[in-house]
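The values are calculated or read from the model by the stated rules, or taken from the named source; none is laboratory data. Everything numeric here is computed off the predicted structure, so don't read it as measured data. Every residue, glycine as well, gets a Cβ built from its backbone with ideal geometry; the counts of neighbours run over all protein chains shown. With ligands, DNA and RNA removed, areas are computed over all heavy atoms of the protein, side chains included. Shrake-Rupley method; radii C 1.70, N 1.55, O 1.52, S 1.80 Å.
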Amino acid sequence: MNRREFLIQTTAATGLAAGGLRAAAPAPGRIVFVVCDPTDRIAADPAPQWALGRLRDALAARGFAVRSRAKLEETTPGELCVVSAGRSSAVARDAGAIPPAAAEGLAIVRTHLGRFDAVVAAGHDVRGLAYALSELADAVSLADDPVAALRPSQPIREQPANAIRSLMRVFSSDVEDKAWYHDRDYWRRYLSLLAAHRFNRFNLAFGLGYDAPNRLKDTYLYFAYPFLLSVPGYDVRATHLPNAERDLNLEMLRFISDEAAARGMDFRLGLWTHAYQWTNSPDANHNIEGLTPQTHAAYSRDALALLLKECPNISGVTFRIHGESGVPEGSYDFWRAVFDGCCHRGRTIEIDMHAKGMDQQTIDIALATGLPVSISPKYWAEHLGLPYHQAAIRPNELPKRDKGSGPFAQSEGARSFLRYGYGDLLKSDRRYHIVHRIWPGTQKLLLWGDPVFAAGYGRALHFAGTSGCELFDPLSFKGREGSGQPGSRDGYADASLRPAGGDFEKFSYTYRLWGRMLFNPEAQPEVWQRQLRRDYGLAAGPVEAALGQASRVLPLITTAHLPSASNNSFWPEMYANMGIVREPDRPYSDTPLPRRLGTVSPLDPQLFSRIDDYALELLKDEVGAKYSPLEVAQWLEDFSAAAANALAEAEAKAVDPHDAAFRRMAIDVRIQSGLGLFFGRKFRSGICYAIHELTGDTAALPAAAAAYREAREAWAGIVAATAGVYATDVSFGDSSFKRGNWSDRLAAIDRDLAALMAANAPASPVLRVEPERVAAIIAVVTGSRKARIRDGSHVPPAGFKPSQALPVAVTVSAASAVLHYRHAQQAESWQELPLQAQKGGFHGAIPAAYTWSPYPLEYYFELRSGAGRWLYPGFDPNLDNQPYFLVTAEGAVTG
């Protein structure tokens, strides 16, 4: 497609940013001149031209007459002018619209240049300018007063906090995904939305439909090459696939990558499977013929090389290296051959490797190509936790002494700590980039939207010099493992709730918050509030509050209580009940024995405590400084109540509470609010039951049952709210705990509740505690809890010098203080150092021997005053901050 054809197509498809408005007749005097100098190389690039087309459409839709000019002098004095300018533009210089001298830097400045009233949108590069113009288009489209939107009172100058802001979309199901894959108009609107909200990378992933090539049903695009092209010299094909369909698949891949590039986005291709033989798969819809073990590596190399030639706008390839790829770990010659397929293309292709099972030899093979290399570890395992990096991984993820077996020699052995985290990748002298990948376990289906947490993630995801993040698209893995169902992909049974323009439109607010806050965590509220005003009118304020509070529920549950790190097993949106009394039959195999609620580990066990451990602390009167399940329960219940109250206010103010967008939001807020209440009450019940188990006290069991009944009522409320709304079988996999409906889960809750009510006192209690004291503890567990104090003051050093002690001091009124510190290396344990009292606080030093390390240092303080203990810095009231300090070596160069 040439530039003119691209601009004609994208200009015709830019209604999304303008709220889908059609052009109105220009009002008298409402003329805007759009000025773009064709000799300005940055302004003339396709990406800014695409964004300029959006701005023209937005202006026309708001009733402006738009006139295009090449020079400011060609416009009419007195009329408003919008000037598109690169960093070297004389107009930008004269207007003071100099963007930050950083990649993607942008500036928007209103000025008077002689007789001309102008707003100058300037970019340090093509993306920066495209973002500046898109910001104006968005403001014009959504602002109450579009004239005021074109006359910003204060200059805007921004540069990205995170270099990489990527979105991954997964092809999981031939039944549910072919429709969007082959829909060109869908792609134009979808990619326009992402680019407008400053995602600068898009990753289309094939081969994630299963965890391993075993018991397969739907293998469409699983081993992707034969579904895209015929490679000369190899007679390799996918059975039951017409050549015309194969060719169309390649044509669409080329189209998608071209459209992404034309909007200023890097396009990445994800090739997660290199298996070509399926085991135990008699029902597979496609098999691969014509390959042997002897030709596998060479074919994969040549197929990749041809694919990159056919799609010239693919700028990088993501590979799953570990055993789930179908290639045994340690197959270095295979990956050396495949990586060679990325070379010699006349352009630079980045090699991106999924971190699980990664070892230095594989990294060295990738670096030896001379191509840029990135590694993508999972952020919060296969889920999404609070906006920070977990202070510790769970014990069962720590490195194993023994080498793993079979195809998982690394990831189940010495490199197991990279299964669900960043492991040992954060060395300051690393020669690769790190991009954190956010997996779709915590939230797959429901609408998410919290500006506070979004800003927190924006601050957290360049941790220790890392490059940003890649976020799985909402609805990722829908129809996975052959569970796809004909019809709509959005999960709704009520057809009136389906977004008219495609499933992604439900999540437009989610994309806005993620993209814009990853770019600038300090963005002004107007950036997201303008969409809320358009979508919800007078109810915009309470909708923001309701959705924001509700959206904090699931990340908190994930952080504090993780039955399984696998997104296939733990799905808190539609939770398979973990019994308080009864062990579940499935699916939580990575919960310690006995597998029940009290033994479930937090995803961050350094800062949060288990239910059973906390109950023992209560009974011994030795409550530690970690965040307890009781505090988590209180937070969840508070979020739930705040969301419900704000939603009631929104419903009272809504112009049309029956509007589809409002109903989608309201239903999903109710579900998440109900989940907060369910888990809050269940955690309280679990603590009471643990007290009963430890003491045999008869008063604890009725309290546990009462709280569990309240949890059950909350779940029943979700079932009632979703009846007829979502499908009876919302499928993200082929097992019962990956599909179904909230109503399916009630039976397991009822069975466990019945078992709890019938429980007998233990024959030999662990502790003998007076009934009066147990009663007092139960009152604490079942009552409202106030937040703990977080007193303290500390200014972290700018850096540390390796092999020199690092002094630290905290100003606080406390009886004692302990420093906890560790390298930013997840295989290591935290160290403890009692601090010495000094006037107004405590002081100490991290030993010189410990600072001799290639890793940054993490540390926090544990403080005690009387019976109270607390962590500093700990969490802010909104839970949106990093609860420990991070300091890097002076002069460290990363990435």
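Descriptive notes on the structure:
- Relative contact order (%) - the range 663-724, alpha-carbon pairs under 8 angstrom, separation at least six: 45
- Shape call, the range 326-404: gyration tensor on alpha carbons, a/c limit 1.5: oblate
- The convex hull around the C-alpha trace of the range 441-513, projected and averaged over every direction, spans 6.4 square nanometres.
- Taking the Kirkwood radius as Rh and the Cα radius of gyration as Rg, the range 463-577 has a ratio of Rg/Rh equal to 0.98.
- Scattering from the range 124-201 was approximated by placing one identical point on each alpha carbon and applying the Debye formula without solvent; log10 I(q)/I(0) at 0.24 1/Å stands at -1.17.
- The relative contact order of the range 546-622, computed from alpha carbon pairs under 8 Å that lie at least 6 residues apart in sequence, is 28 percent.
- Each residue was assigned an accessible area with a 1.4 Å probe, and for ARG681 the value is about 60 Å².
- Approximate shape of the chain as ellipsoid semi-axes (Cα gyration tensor, √5λ), whole Å, largest first: 44, 34, 30
- Rounded to 0.05, the FRET efficiency of the LEU593 and ASP729 pair, given R0 = 41 Å and the Cβ-Cβ distance, is 0.80.
- Relative packing of peptides 298-305, 439-446, 798-805 - highest average C-beta neighbours within 10 Å first: 439-446, 298-305, 798-805
- For the chain, the 222 nm mean residue ellipticity estimated from helices alone, with every DSSP H stretch of n ≥ 4 adding -39500 (n - 2.57) and the total spread over all residues, rounds to -11000 deg cm²/dmol.
- Pairs beyond 28 Å (Cα-Cα), from LYS217/LYS444; LYS378/LYS400; LYS506/LYS786; LYS217/LYS682; LYS178/LYS217: LYS506/LYS786; LYS217/LYS682
- For the pair the range 439-471 / the range 631-696, the C-alpha centres are spaced 22 Å from each other.
- Converting the Cα gyration tensor eigenvalues of the range 188-334 into ellipsoid dimensions via √(5λ) gives semi-axes, longest first, of 27, 17, 16 Å.
- Area projected by the alpha carbon convex hull of the range 268-333, averaged over all directions, nm²: 5.4
- Descending Cα extents along the principal axes, the range 697-754, whole Å: 43, 24, 13
- Residue ranking by accessible heavy-atom surface, 1.4 Å probe, largest first, among LYS378, LYS653 comes out as LYS653, LYS378.
- Shape category assigned to the range 745-895 from the gyration tensor of Cα positions, a/c cut at 1.5: prolate
- Plainly put, the range 109-238 has a radius of gyration that is 1.18 times its Kirkwood radius, both from alpha-carbon atoms, as the Rg/Rh ratio.
- Using only side-chain charges placed at the Cβ, +1 for Lys and Arg and -1 for Asp and Glu, the dipole size of the chain relative to its Cα centre rounds to 980 debye.
- The range 381-484 shape via C-alpha gyration tensor axes, a/c threshold 1.5: oblate
- Total charge dipole magnitude, the range 660-744, about the Cα centre, Cβ charges on Lys, Arg, Asp, Glu only, Debye to nearest 20: 280
- Spread over its residues, the convex hull of the C-alpha atoms of the range 682-834 is 264 Å³ per residue.
- 5 angstrom amide H check on LEU603, placed H, neighbours 5+ away: ALA560, HIS561, LEU562
- Under Karplus coefficients 6.51, -1.76 and 1.60, residue-wise ³J(HN,Hα) of the range 186-200 in Hz, glycine/proline x: 4, 5, 4, 6, 5, 5, 4, 4, 5, 5, 5, 9, 6, 6, 10
- Percent RCO, i.e. relative contact order, over the chain, from Cα pairs under 8 Å lying at least 6 residues apart: 10
- Working ranking of peptides 210-220, 452-462 by packing, defined as the average number of other Cβ atoms within 10 Å per residue, highest first, is 452-462, 210-220.
- Rounded to the nearest Hz, the phi-derived 3J(HN,Hα) couplings of the range 719-725 under the Karplus curve 6.51 cos²θ - 1.76 cosθ + 1.60 (θ = phi - 60°) are 4, 5, 5, 9, 4, x, 8, where x marks glycine and proline.
- Amide H contacts of ALA817 (H built 1.01 Å from N, under 5 Å, at least 5 apart or other chain): LEU835
- HN-Hα J in Hz across the range 379-386 - Karplus 6.51, -1.76, 1.60, θ = phi - 60°, x for Gly and Pro: 9, 6, 6, 9, 9, 9, x, 5
- Protection proxy ranking, peptides 308-315, 830-837, average beta carbon neighbours within 10 Å, highest first: 308-315, 830-837
- Diffusion coefficient of the range 753-836 by Stokes-Einstein, Kirkwood radius over Cα pairs, 25 °C, 0.890 mPa s: 131 µm²/s.
- Taking only the C-alpha atoms of the range 263-373, the Rg (one decimal) and the largest Cα-Cα distance, Dmax (whole number), read 14.4, 44 Å.
- Heavy atoms of SER589: accessible area, 1.4 Å probe, square angstrom to 10: 90
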